[in-house]
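Where a number appears in this text, it was derived from the coordinates with a stated rule and is not lab data. Everything numeric in this text was worked out from a predicted model, so none of it was measured. Cβ sites come from the backbone with ideal geometry, for glycine too, and all protein chains shown count toward neighbours.
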Amino acid sequence: MVTGIFSRSDVAARFFSVIPLLLFCFTNVQAQDGPVVNPTPAPVVKSPVRQAIPQAAQPTVAPVIKQPTKQAIPQTTQPVPVVAPLPTTPVELAIQGILKEGVNPKLRWPRFSDFQTQLESLYQTAAYAPLWLHEDKPTPQAREVIAILGSADDKGLNSTDYDAQMLGKWLDSLNNATSSNPQELASFDSALSISLIRYASNLYRGRINPKHVNFALEIEPKNEDLAGLLRKISTSANPDKLLANLEPKLGLYENMKKALVRYRQLAKEPSAAPIAVPNKFKPGDHHADVPKIRKLLSVLGDLTEGNPNDASQTYDKPLAEAVKRFQARHGLTPDGVIGKTTLAEFNVPLSERVKKLQLGLERLRWLPEQIGGRYILVNIPSFQLYGYHYGSGAENPDLIMNVIVGEAIDGRSTPVFHSDMTYVNFRPYWNVPDTIAAKEYVPILRRNPGYLGRNNMEIVPNFALNANAYAATKGNIEALASGSLKIRQKPGPKNALGLVKFTFPNTNNVYLHSTPNQGLFKRTRRDFSHGCIRVEYPVKLAEFVLKDHEEWSTENIESAMHKDKPKIVTLKTPIPVYITYSTVMADASGQAMFYNDIYGHDQILIDQLTKGFPYAP
């Protein structure tokens with residue numbers, strides 16, 4: 001090979017002179033293969049080169065016709081990554097440092113690892129510029145947000161968790177200062193953002209994840225962009241409206257907030273001396289503390305007749321009616337007799353009632369933001385079922401009835417969960433769970449195999465409707481103990497499930513059903529079942545559930561309950577069922593009803609809340 005002969009410009013010129021010849025040959029070869037796909041001449045274009053040539057060195061070349069290709073190759077462009085602006089001022093750099101560290105020592109709960117990523121993303125987009133400062137002074141929005149944090153107690157939250165008082169004083173100090181150091185400004189700005197995002201999240205989702213208190217409320221996640229909301233609030237003329245949108249849309253939630261405001265105000269009043277009357281104090285009896293009872297029930301709204309300042313020591317009829325209302329509101333037998341339990345409820349501090357309402361509001365935040373259409377809510381401590389026709393906005397339920405829930409012992413308590421009711425089963429079999437069969441029925445059958453026939457029960461290989469029944473032999477009874485055989489009760493008036501079962505699929509094997517034993521509904525405390533929920537008025541519940549099934553009139557419902565064979569009715573639209581646990585409820589007037597913590601769930605939740613931020617995800 002000869003080297004060093006041609007100059008750089010000669011090389012370029014010879015290269016470009018060869019290109020037309022090559023293209024000409026290529027075109028002739030294609031023409032021999034067949035007709036050109038597109039006979040329209042292609043536009044004249046410049047031939048691409050691998051390396052740019054200086055303008056002075058480029059030779060004149062013949063026009064090049066670009067030949068069509070058999071398959072177009074798509075051109076892709078790589079997205080240009082967006083580079084976040086970098087902090088430059090001392091305040092911006094200080095804010096960045098606080099967020100990177102995940103600690104603001106000025107706060108009651110300094111660590112904010114649960115919101116660190118969201119806050120970093122929020123600030124990073126604006127080079128860590130302050131959200132709540134303008135020319136080193138707090139903005140009007142900062143003052144309004146701090147006022148909102150200060151009213152957190154009216155929402156069932158705790159304003160001290162959000163450092164509302166401290167932030168208010170801090171804001172005033174910054175306003176009065178002639179100058180502030182960058183670290184101080186950065187600390188204030190980040191502290192306000194931390195407190196606000198905590199408050200917004202707690203208002204929206206609650207403070208505690210329900211799974212940490214053994215509640216299986218696996219409901220659709222709430223995915224509000226809280227960081228984006230903070231940026232909106234920082235420039236909004238109405239931060240309060242933006243935050244109010246985060247609250248649950250349940251009528252019950254609004255009712256409970258009304259009750260909370262009222263009881264918080266009452267709790268601020270000086271505590272009265274404890275009431276002490278003899279046990280089983282009846283109307284017509286006399287005692288020096290009767291005026292105290294009259295005054296208390298007037299304040300609580302139960303005494304609606306008579307003079308609350310009446311100094312009479314006689315337990316009169318208007319006061320007896322007030323006592324009955326008080327008893328009904330506290331899950332007691334409303335007989336007007338003041339026994340030990342009623343007296344104990346008289347003397348519960350109103351601050352304890354406030355705590356119950358706070359826990360109740362926390363649990364309501366675990367439910368969906370809004371529920372459309374019909375839904376059913378069962379509250380375990382109140383032993384009641386509530387049916388709503390028109391979604392979560394309804395102030396009061398359209399259907400209320402007593403229920404019997406699981407006994408307050410290990411293994412029998414009714415679980416807290418959500419599912420959708422999908423069908424109604426008239427004349428159901430009771431398929432006895434294996435654990436109940438082994439623990440309760442096997443010992444009975446070992447002693448007396450005839451128990452099966454007398455109670456309309458049978459041993460079967462499985463729970464299919466056409467399963468063959470087996471005799472109660474010793475071997476079959478032992479097979480029941482091991483779970484290889486099953487036991488069920490046939491449909492009929494003595495069936496433990498009564499005449500109708502309302503089914504919503506769940507892993508707990510819990511459902512709503514009627515019962516042949518109606519007497520237990522007269523009790524004030526009704527935890528008697530193995531976990532399933534017995535309803536007092538099954539026909540009314542069936543009417544509610546089958547409302548959009550025109551053929552299912554009351555007459556047809558009652559007829560199906562008394563026919564010989566089971567019948568399953570699939571619902572046109574599944575109905576959400578929420579098995580909940582709240583030791584307080586409230587009506588549209590804000591009147592509260594309080595109930596015993598039969599399963600001890602209140603204390604479990606209190607223990608979780610006491611841990612403070614950051615709460616476990």
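Remark: the chain projects, on average over all directions, an area of 54.3 nm² (convex hull of Cα atoms). Taking every DSSP bridge with both residues inside the chain, close to 85 percent are antiparallel.
Its residues counted as N, the range 442-527 yields a C-alpha radius of gyration over 2.2 N^0.38 Å of 1.26.
If you sort the three axes of the alpha carbon gyration tensor as a ≥ b ≥ c, you get a/c of 1.5 or more for the range 465-617 and a/b no higher than b/c, which makes it oblate. Here the 3J(HN,Hα) profile of the range 591-608, calculated from phi with Karplus coefficients 6.51, -1.76 and 1.60 at θ = phi - 60°, is 6, 9, 10, 10, 9, 5, 7, 5, 9, x, 6, 4, 5, 4, 5, 4, 4, 5 Hz, Gly and Pro shown as x.
Long-range amide H contacts for Ile487: which residues qualify at under 5 Å (H placed 1.01 Å from N, peptide plane, sequence gap of 5 or more or a different chain)? Placed amide hydrogens put Val432, Val460 under 5 Å from Ile487.
Cα axis of helix 164-176 to longest principal axis of the chain: angle in degrees, 0 to 90, nearest 10? That helix lies at roughly 50 degrees to the long axis.
The phi torsions of the range 490-496, fed into the Karplus equation with coefficients 6.51, -1.76 and 1.60 and a -60° offset, translate into couplings of 6, x, x, x, 8, 4, 4 Hz, rounded to whole numbers, with Gly and Pro shown as x. Counting every alpha-carbon pair across the range 134-285, the share separated by more than 22 Å comes to 55%.
Find out how many positive minus negative residues lie around Arg143, taking Lys and Arg as positive, Asp and Glu as negative, among other residues whose Cβ is under 13 Å from that of Arg143. In short, -1.
In this structure, the pairs whose alpha-carbon distance is over 27 Å, taken from Lys100/Lys249; Lys292/Lys355; Lys501/Lys572; Lys324/Lys355; Lys282/Lys540, are Lys100/Lys249; Lys282/Lys540. Please state, rounded to one decimal and in Å, the Kirkwood hydrodynamic radius that the range 75-210 gives when every pair of distinct Cα atoms enters the mean of 1/r. One decimal place: 15.8 Å for the Kirkwood radius. In this structure the amide hydrogen of Met401, modeled in the peptide plane, comes within under 5 Å of the amide hydrogens of Leu385, none closer than 5 places in sequence on its chain.
Estimated from helical segments only, the mean residue ellipticity of the chain at 222 nm is -11000 deg cm²/dmol, where each DSSP H run of four or more residues counts as -39500 (n - 2.57).
First measure r as the distance between the Cβ atoms of Asn556 and Ala267, then evaluate 1/(1 + (r/R0)^6) with R0 = 60 Å and state the FRET efficiency to the nearest 0.05.
Numbers: r = 52 Å, r/R0 = 0.87.
The pair Asn556/Ala267 has a calculated efficiency of 0.70.
Averaging 1/r across all pairs of distinct Cα atoms in the range 376-423 and inverting the result yields a Kirkwood radius of 12.2 Å. Using the Cβ-Cβ distance between Asp154 and Ala216 with R0 set to 35 Å, the FRET efficiency works out to roughly 0.70.
Per-residue Karplus couplings for the range 390-395, computed as 6.51 cos²θ - 1.76 cosθ + 1.60 with θ equal to phi - 60°, are listed in order as 10, x, 6, x, 5, 6 Hz, Gly and Pro entered as x. Straight-line reach from Lys474: which aspartates and glutamates fall under 17 Å, measuring Cα to Cα and dropping same-chain residues less than 8 apart? Cross-link targets: Glu440, Glu458.
Taking the radius of gyration and the Kirkwood hydrodynamic radius from Cα positions alone, what is the Rg/Rh ratio for the range 255-382, to two decimal places?
On the way: Rg = 16.9 Å, Rh = 16.2 Å.
That ratio equals 1.04.
The alpha-carbon of Lys439 sits under 16 angstrom from the alpha-carbons of these lysines, leaving out residues fewer than 8 places away in its chain: Lys486. When the chain is described by a simple charge dipole with +1 on each Lys and Arg Cβ and -1 on each Asp and Glu Cβ, the residue from Ser312, Tyr578, Asn468 located farthest towards its positive end is Asn468.
Each residue, Tyr451 and Glu352, gets one label point 7 Å from its Cα in the Cβ direction; the gap between the two is 4.1 nm. Between Ala311 and Thr473, the simple label model (points 7 Å from Cα in the Cβ direction) yields a spacing of 8.7 nm. The simple spin-label model puts a point 7 Å past each Cα toward its Cβ; for Asp335 and Lys280 those points are separated by 0.9 nm. Compute the helix-to-body angle for 140-150: its Cα long axis versus the longest principal axis of the chain, expressed 0 to 90° and rounded to tens. Relative to the chain, helix 140-150 is tipped by roughly 30 degrees.
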